[in-house]
Every structure is written in C-alpha cells, then in structure tokens.
Amino acid sequence: MAESNRLEVEDLVVEISTPQGVIRALDGVSFSVKPGETVALVGESGSGKSMTGLSIMQLLPRGVGRIARGRVLYVSGDGENARTIDLSQVPAEEFRAYRGSEIGMVFQEPMSCLNPVYTVGYQLEEALVANRRMTPGEARSQAEDELRRVGIPDPARRLNEYPHQLSGGMRQRVAIAIALCGRPKLLIADEPTTALDVTVQAQILDLIQRLQKEDDMSVIFITHDMGVVAEIADRVLVMYKGQLVEQAETVALFKAPQHPYTQKLLKAVPRLGSMKNEPAPRKMTGVDGQGNEVATNSKPLLPKPGMPLLEVNGLTKRFEMRSGIFHQVTGRLHAVEDVSFTLQPSETLSVVGESGCGKSTTGRSILQLIKPDSGSVKFEGSEIVGASTKELDKLRCKMQIIFQDPFGSLNPRVTVGKAIAEPIVLHKLATPKQAMEQAVELLRKVGLSPDMADRFPHAFSGGQRQRICIARALALNPKLIIADEAVSALDVSIKAQVLNLLLDLQAEFGLSYLFISHDMATVEQVSHRIAVMYLGEIVEIGPRAAIIENPQHPYTQKLLSAVPVADPSHRGKRRPVPVGDLPSPLRRPDYVAVPRCWRQVAEGHLVQEVPPV
C-alpha cells in the first residue's frame, strides 16, 4: 500500500445470497483515497456505490453478504504512529474500535438511521461515550457543541427533540454530527444531500468541506448528482453493474469522459436553462439498464382549458409549539399561510422552496392527511375540507401521494408486491390475485423486474424503493398525484426514466401533478407552471419560462443562483440562500410587513410568540 494513501481497496468482490442464487454485487473494485481528498463515487441505482461503503464499514447484511475476495487497507494514525490494517480481516467485535472513531458514515436516509424513540441529544451522547470514552456529563456538554458545529441554531433546545420534530435538513445535520463525533479520519457520505433542497444542500456541502479542512479528513462522497460532484470532488469513480468502469480527476472526467457509459451518464444530466423556447414539458434524455440512450421524442402536452381539477383558496396551517413541565403553548409555527392556486387537468404545477417553507405541509393538507386550520380545497368542484370519511375515501381513489422518504412509507414486514396490490384490494377494484398481477405489471412499468414483487423493502436500494412507491401511487389510476420529492433519491439515468414514465402517463390518462421538488433543473423539465414558496407563502407563481428565465422576486433569484452546475469550472460560484440573507420579511411580491409578534427562526418558518398565561 502506498504511504500517501489513507485507504486502498484492492480487487474487492462482494457476494449477496438471494433465493434466486448468489449475486456478485461488487466485482473486482480497486481504488485509493489520499488524506484530505474528496473522492466521488457515482453511478446508477444498484451499481454498487452504497455496497462499496457498507463493505468498508463491515455493515453488509448479516448472513447474506460477504467479502469473497480482496482487501480493504486502512492507515490508522499519522507519521511514526501510522499502521496499516486490513479491515476485511478484522473480526466484527474488534471492528467497533474503528467504526466511528476512525471511519464515520452518513447514511442515505437520516429518518431511518436515527432512532425515533430517542432524543437527538441521547443519540449524540451515545456516540460520544462510545467513540471518545466520555462520561455522560461530559458527553451532554459536548453534544451541544457538536450540534453548534454543524450549524444547528439553538442546540440546547434541539437536544431534547426527537428526529420527527426536525426537518429533512436538520435531520441530515444531526446525522453528520453523529458521524463526526469520533473525529474520524475517513468519512463515507452516502447520498447526504439527496433529499435536500438546493439551499440546504449548499449549506451541507459547505459544512462537510469546512469540517474536512478542520480535521484533515478524507471523504468518499457517494452521489448521483453530477452538479454536486463538480462542486466538491477531487477525483471521480464511475461504477456500473458492480464494476469500476472509469476513474479520473474531476476536471478531466467532465471535459473528456472515456468510457461510453460515463459519456451517456453526463449527457443525461438535466441542466438549468435547457428548456428555452419549449412550449411544454419535454421528455428527458435517459440511459437504460444497459447503458444505452433512451429515445425522448414526444408530443408536447398542454393543460386542458376549462374547469380546474384542483382549487386551493386561503389554505392555512399552524402548529402549536409547547414547552415547560406543563407543556404550555408558547408559540405557533406558521407552516402554511394563505396559500391559493389552481391546477388544470393534464397540468404539472411544481412547488419549490427551501426546507421547511411549507411545501410538504401544503400537499398533505390538500389530501387531508393534515387537517388545515382554514381555507378551501376543491377537487373536481367537490369540497374536501370538512368532508366525511366516506366521501374522502371516494375522493382519495382519484388523488394519490408519493412520499419523500420511500423507506419510511413502506411497511418493512410486507413484500413490495402486496404493498402495491393493497390499495387495489382495499377499494375493491380487483380480487387479490388480479391485484397481484397488476402490481407485477406496475413494477415492470417503473423499470423493475417482476420477480422483485416477493422481496421486502430492505432488499432494495434507495432509488429502487422510490420507484416502488411510484408504482403504488399509480395502482388506483388517479387523476391527481402529489409527488413529494418523488425523484430526489434517484440517479440521473433512473430519474430520466421515471420522469419520462410520468409524462407518458400524463399524456395517456390526462394526469395532473403537484410536483414538489428541490431540483430546479428537473422542475424546469417537467413543469407547465412553477410556484415558489418562502416562509409558508407563495411569493411568486407563473409559467415555467417566466420563473426560470426572468424571476421577479429576490428569493426566487437567489434560489436559482444556488443551483449546483455540472461543470467544474463553476466551482465556488454557488450562492447559498440562508433565510437570514434576505431582507425580512419579503413574504409576498408586494412586501407586506409581518406583525412584530412574529419572529423568524431557522428552516424558513415563522413563529408567532404566545405570551405565557
């Protein structure tokens, strides 16, 4: 092993046992990582990116996965104290000494890797006691410093909160704080910004780079976002079907990719500004499972005029904030404030904005998964707010939602085939046998094989789980689909296939989409109109071209400037958009002032302070 390397993977072969036989998940993977270097691991869903990270950490599925061949050499310590360890030969019990204190890992889905029954503070303290041998008292004090280090405001209060009380961006910061508690020399970040909007993503990337410099840490950054790769990576490793097909310096790879798959992968990346003079959404250039380009010819689909499919007027939702021994109401969080818009048949309205601005709450309030405080929601002319359970059941056949967290929205004890067939049987649209046949066909439509119907959610990658959720949403042939970050967990090739599928279904069945997303390039590709949310309100709404090419509101302008560009020459030119960077309150285009009893807090919310009783 070269002395200049922190990690060296040599001819790594990983085998996974399945009911159908043994699958070779990694096939002869070899690469190295230098001290302080950032190496990006890219490739489509199921290519072996996450499996590589799990193999290094000895976190392969117990009794199912094993390292069949190869070595994972890691240099522990520096200078005269440096010693090389073959991690693949370290017994599981002894490996705990390296996991956390030497090598940290940030997992893809923070909500599923954080324990929901323990507070954030408890989980941080647990990591500090295990990795740095602190006493419980010392760990409690240090936990607050760790949250402050990753940029979480009011860390003392956050220590007592549970993961479900935090937004996606906050949860990801907590996951990073836990991974860095032991001050590791190598950090494996598995899609740490996948589900985050561009503003929070920019902050997380800046955070990782800052902490990397402070601790002289090496980073293996697993991602499918080529814009992120261009922004932070020193070198890029491209994986395809368990093999490493190309590795090069970032600038060289973007300028002149050598492998045909890499060339097609870069061509499939959606780029902001590519839809000029396009009258309607256009199918994306994709790459299929064999690395071939997918045809994109399609007829532009325009919304149908006439009566709106969905009418939202004055939608408002506030959450009470409680504290103290008696859990008194001390504030009201204004999640959604006076939101109004319409959606035509066959139209796609995209809702964009930073984490916590109220996008997901708006979508869930429309479906009555969250009961709004006031406002009107009409679907095909029928009022939803205040409707009876029986009426809602009938309407929900026509309205479906794709949730942001695919793992959390699937039952871990139910096979994916049954999960897709369940709503069909529940609404008595087919017999169980017929429903399973439809489920298999839906799996095929979203690019998965029929034999996967008998597997459980844990057996799939993050991207594959998201496609399963999309198949389940399509099971009832709805007229409206609320897609809450529906393609955020997908790599560029699968994302193109799924979005093209959604556009095909829109053309075939006249579907309407409320498309909630943080990926501005994707939003531009699929939208007829775009609504920009800030602090719980829509501050700008209009045709796609008008919003992307000529934004009027200062927040929209800064939001677009934060989008990472898949070009290394733009490195360092992003403009992160923290809420406090904008003149407060800028809640509407006409700049209506916010009453003084409100105060602005992190994650884009407004909180109304309630005086104590």
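The values are calculated or read from the model by the stated rules, or taken from the named source; none is laboratory data. What you see is a predicted model, and the numbers here were worked out from it, not measured in a lab. Note that each Cβ is placed from the backbone with ideal geometry, even for glycine, and that neighbours are counted across all protein chains shown.
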Condition met for residue 391 (closer than 22 Å to residue 470 by Cβ and acidic (Asp, Glu)): no
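Yes/no per residue for (1) modelled with pLDDT under 90; (2) closer than 27 Å to residue 72 by Cα; (3) charged (D, E, K, R):
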position: 157; (1), (2), (3): yes, no, yes
position: 166; (1), (2), (3): yes, no, no
position: 197; (1), (2), (3): yes, no, yes
position: 211; (1), (2), (3): yes, yes, no
position: 234; (1), (2), (3): no, yes, yes
Got at least one residue in the range 487-498 being touching a Cys at 6+ places or on another chain (Cβ under 9 Å), under 26 Å from residue 413 (Cβ atoms) and either in contact (Cβ under 8 Å) with a residue 12 or more places away in the chain or not small (Gly, Ala, Ser) (or both)? no
Does at least one position in the range 209-217 carry a residue that is crowded, with 23+ Cβ neighbours inside 10 Å and farther than 26 Å from residue 321 by Cβ? no
Among the residues of the range 410-418, is any charged (D, E, K, R) and assigned to a helix (DSSP H, G or I)? yes
Condition set polar (S, T, N, Q) and assigned to a loop (DSSP other than H, G, I, E, B), scope the range 100-132, selection nearest to residue 457 (Cα to Cα): answer is 108
Determine whether residue 22 is loosely packed, with under 14 Cβ neighbours inside 10 Å and among the hydrophobic types (A, V, I, L, M, F, W, C). yes
Look at residue 603 and say whether it is closer than 30 Å to residue 320 by Cβ, of a type in the set (Asp, Glu), at pLDDT below 65 and crowded, with 16+ Cβ neighbours inside 10 Å. yes
For the range 136-156, enumerate the residues that are farther than 22 Å from residue 112 by Cα and either in a helix (DSSP H, G or I) or in contact with a strand residue (DSSP E or B) (Cβ under 9 Å, 6 or more places away or on another chain) (or both). 136, 137, 138, 139, 140, 141, 142, 144, 145, 148, 149, 156
With 508, 549, 540 as the choices, which residue is touching a helix residue (DSSP H, G or I) at 6+ places or on another chain (Cβ under 7 Å) and acidic (Asp, Glu)? 540
When the range 419-454 is examined, which residues are found to be exposed (fewer than 14 other Cβ atoms within 10 Å of the Cβ) and part of a loop (DSSP other than H, G, I, E, B)? 428, 431, 449
So which residues in the range 334-371 are among the hydrophobic types (A, V, I, L, M, F, W, C) and under 22 Å from residue 544 (Cβ atoms), if there are any at all? 339, 341, 343, 349, 351, 352, 357, 366
Check the range 298-313 and report whether any residue there is closer than 21 Å to residue 166 by Cβ, at pLDDT below 90 and buried (at least 19 other Cβ atoms within 10 Å of the Cβ). no
Total residues in the range 1-44, condition under 16 Å from residue 234 (Cβ atoms) and without any contact (Cβ under 8 Å) to a residue 24 or more places away in the chain: 0
Need the failing condition index for residue 392 against (1) more than 25 Å from residue 302 (Cβ to Cβ); (2) in contact with a strand residue (DSSP E or B) (Cβ under 6 Å, 6 or more places away or on another chain); (3) of a type in the set (A, V, I, L, M); (4) not in a loop (DSSP other than H, G, I, E, B), just the number. (2)
Looking for something in a helix (DSSP H, G or I), of a type in the set (D, E, K, R) and in contact with a Ser or Thr (Cβ under 8 Å, 6 or more places away or on another chain) - is there at least one such residue anywhere in the range 327-347? no
Single residue of 385, 351 found to be aliphatic (A, V, I, L, M) and without any contact (Cβ under 8 Å) to a residue 40 or more places away in the chain: 385
Touching a helix residue (DSSP H, G or I) at 6+ places or on another chain (Cβ under 8 Å) and modelled with pLDDT of 90 or more: does that describe residue 127? yes
Check on residue 257, without any contact (Cβ under 8 Å) to a residue 24 or more places away in the chain, part of a loop (DSSP other than H, G, I, E, B) and more than 24 Å from the chain's Cα centre (by Cα): yes
Residues that are assigned to a strand (DSSP E or B) and either touching a residue at least 24 places away in the same chain (Cβ under 8 Å) or touching a His at 6+ places or on another chain (Cβ under 9 Å) (or both), drawn from the range 517-542: 529, 530, 531, 532, 533, 534, 537, 538, 539, 540, 541
Just checking, which of 79, 63, 53, 48 is of a type in the set (Gly, Ala, Ser), surrounded by fewer than 20 Cβ atoms within 10 Å (Cβ to Cβ) and within 32 Å of the chain's Cα centre (by Cα)? 63
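If we keep just the residues of the range 317-326 that are assigned to a strand (DSSP E or B) and over 26 Å from the mean Cα position of the chain (by Cα), which is modelled with the highest pLDDT?
Selected residue: 320.
Let's see how each residue does on (1) touching a Ser or Thr at 6+ places or on another chain (Cβ under 8 Å); (2) surrounded by fewer than 17 Cβ atoms within 10 Å (Cβ to Cβ); (3) assigned to a loop (DSSP other than H, G, I, E, B):
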| position | (1), (2), (3) |
| --- | --- |
| 134 | no, no, yes |
| 160 | yes, yes, yes |
| 164 | no, yes, no |
| 177 | no, no, no |
Show the residue pairs that are 6+ apart or on different chains and have beta-carbon atoms under 7 Å apart, the first residue being within the range 115-132 and within 18 Å of residue 172 (Cα to Cα) and free of Cβ contacts under 8 Å to residues at least 24 places away in the same chain, the second being of a type in the set (D, E, K, R) and not in a helix (DSSP H, G or I). none
Within the range 543-580, work out how many residues are touching a Pro at 6+ places or on another chain (Cβ under 8 Å), assigned to a loop (DSSP other than H, G, I, E, B) and modelled with pLDDT of 75 or more. 3
